[in-house]
Amino acid sequence: MTSLLDLITQCRQVTNTESNQFITNSELTYYLNSSLAELDDLLVVKQADYRLVQTICNITVGNTFALPADFYQLRGVDYYAYGVASNPWQTLNRYANPMVRTLYGVTSIYYMLQDGYVAIVPVDAAVGQYRLWYTPIYQPLVNLTDTIPSYFDNQAWREFAVMDTAIKILNKQNLDPSAFMQRKEELKTRILAMAGHRDAGDPKCVVNNNNYFDDGFSFGMGGSGYGSF
């Protein structure tokens, strides 16, 4: 695995600053983490579910629950509908779903993403258990021995961060970074072209048929957990 020290070394090598302390390792660490975060954004945009995680949240009073400390991007919210033995996790919409009351005998509820928390509406029906699907934030490297995630090392995509950091190094020295800018754009094009194909079995379209009943009738709404996205 590639460590922070490895990345710093690579950045100094490509910019011929191995013995130049005009830019310190602390500065390089900051530059690299910024560049790796940009790389992470590119991968998340092209393969939104690749780093998807889930957590269980409960509301006992009121109608809100806090977002996880590492929250970056919301992908879905499920409600645990007690009494629906075959499919208790029901995906909530960001707007009211009138079918929920009809099918499950509970009040139609929906969610709203707020600053630091998720609000469930209406308030008087919010108590219950929820499952939050989200993409966590990029975790910066701190120690020289810290290593980048494996998906950055795949196909040497880490070079994108090295090129971007090299641009910052040359900019600080008032030198021409155009060669590194060109290489960064080439890498970006490659990443955007290939990252979306990481799951070769990914269909071109998804049919929502999660609310399927024994009579063969599908309402095509809500869904059994995250599968309805």
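The values are calculated or read from the model by the stated rules, or taken from the named source; none is laboratory data. Note that the structure is a prediction, hence the values are computed from the model and not measured. Glycine gets a Cβ as well: all are built from the backbone with ideal geometry, and neighbour counts include every protein chain shown.
Annotations
- Of the criteria (1) touching a Gly at 6+ places or on another chain (Cβ under 8 Å); (2) among the polar types (S, T, N, Q); (3) modelled with pLDDT of 95 or more, which one Thr15 fails: (1)
- Summed over region 160-176, the residues that are closer than 22 Å to Asp6 by Cβ and more than 30 Å from the chain's Cα centre (by Cα) give a count of 2.
- Residue that is nearest to Gln21 (Cα to Cα) [pool: residues in region 144-199 that are in contact with a strand residue (DSSP E or B) (Cβ under 9 Å, 6 or more places away or on another chain) and not in a helix (DSSP H, G or I)]: Leu144
Residues are listed down the side, and each one gets a yes or a no for (1) outside the structural domain of Ser34 (by TED's automatic domain parsing); (2) aromatic (Phe, Trp, Tyr); (3) buried (at least 19 other Cβ atoms within 10 Å of the Cβ); (4) modelled with pLDDT of 90 or more:
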{"position": "Leu74", "(1), (2), (3), (4)": "yes, no, no, yes"}
{"position": "Val77", "(1), (2), (3), (4)": "yes, no, yes, yes"}
{"position": "Asn87", "(1), (2), (3), (4)": "yes, no, no, no"}
{"position": "Tyr95", "(1), (2), (3), (4)": "yes, yes, no, no"}
{"position": "Gln114", "(1), (2), (3), (4)": "yes, no, no, yes"}
{"position": "Ala126", "(1), (2), (3), (4)": "yes, no, yes, yes"}
{"position": "Tyr151", "(1), (2), (3), (4)": "no, yes, no, no"}
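- Single match in Met181, Met194 (criterion: over 24 Å from Leu5 (Cβ atoms), modelled with pLDDT of 95 or more, out of contact with any Gly (no Cβ under 6 Å at 6 or more places or on another chain) and among the aliphatic types (A, V, I, L, M)): Met181
- Looking only at region 1-28, residues that are closer than 16 Å to Ile167 by Cβ and not in a loop (DSSP other than H, G, I, E, B) come to 9 in all.
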